[in-house]
Amino acid sequence: MNHLNRAVKEATGKPTTVHIAERIIGEAKALLHHTSWSTAEIAYSLGFEYPTYFNNFFKKHTGTTPLAFRKAT
């Protein structure tokens, strides 16, 4: 583990990967709620190479699909 990762985990109790995932999920939720962009457009805007990767990432971290989240909000 490098120094930055160790320092972040020590200071916050969470590894950097968790902070990054939380930020991406927050941005994805905001885009799903406040735009009419397709999930593919959101995926690409967040740096995912394929929309499927975004869908899987979103479901892993939220327990729901991006479309189900959008319909619920």
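For the chain, a simple Cβ point-charge model (Lys and Arg +1, Asp and Glu -1, everything else neutral) yields a dipole of about 240 debye relative to the Cα centre.
Sequence-distant contacts, meaning Cα pairs under 8 Å at least 6 residues apart, place the relative contact order of the chain at 21 percent. Solvent-accessible area of VAL18, all protein chains in place: 50 Å² (probe radius 1.4 Å, heavy atoms, ligands and nucleic acids excluded). Spin-label model, TYR53 to ALA7: label points 7 Å out along the Cα-to-beta-carbon direction sit 2.8 nm apart. Of the whole protein surface, LEU31 contributes about 30 Å² of accessible area at a 1.4 Å probe radius.
Pop the C-beta distance of THR65 and THR16 into the FRET formula with R0 = 22 Å and round what comes out to the nearest 0.05. Don't skip to the answer; put the middle values down first.
Details: r = 26 Å, r/R0 = 1.19.
According to the calculation, E is roughly 0.25.
Taken over the Cα atoms of the chain, the convex hull encloses 102 Å³ per residue. Over the chain, dividing the summed -39,500 (n - 2.57) contributions of all DSSP H runs of at least 4 residues by the number of residues returns a 222 nm mean residue ellipticity of -23000 deg cm²/dmol.
Under a Gaussian network description of the chain, with springs only between Cα atoms under 10 Å, the residue in GLY13, GLY26, GLY47 that fluctuates furthest is GLY13. Rolled with a 1.4 Å probe across the full set of protein chains, the surface gives THR73 an accessible area near 80 Å².
The values are calculated or read from the model by the stated rules, or taken from the named source; none is laboratory data. This structure is a prediction, so every number in the text was calculated from the model and none was measured. Methodologically, a virtual Cβ is constructed for each residue, glycine included, from the backbone with ideal geometry; neighbour enumeration extends over all protein chains shown. When the accessible area is computed, the model is the full protein with side chains, heavy atoms only, and any ligands, DNA or RNA have been set aside. Shrake-Rupley method; radii C 1.70, N 1.55, O 1.52, S 1.80 Å.
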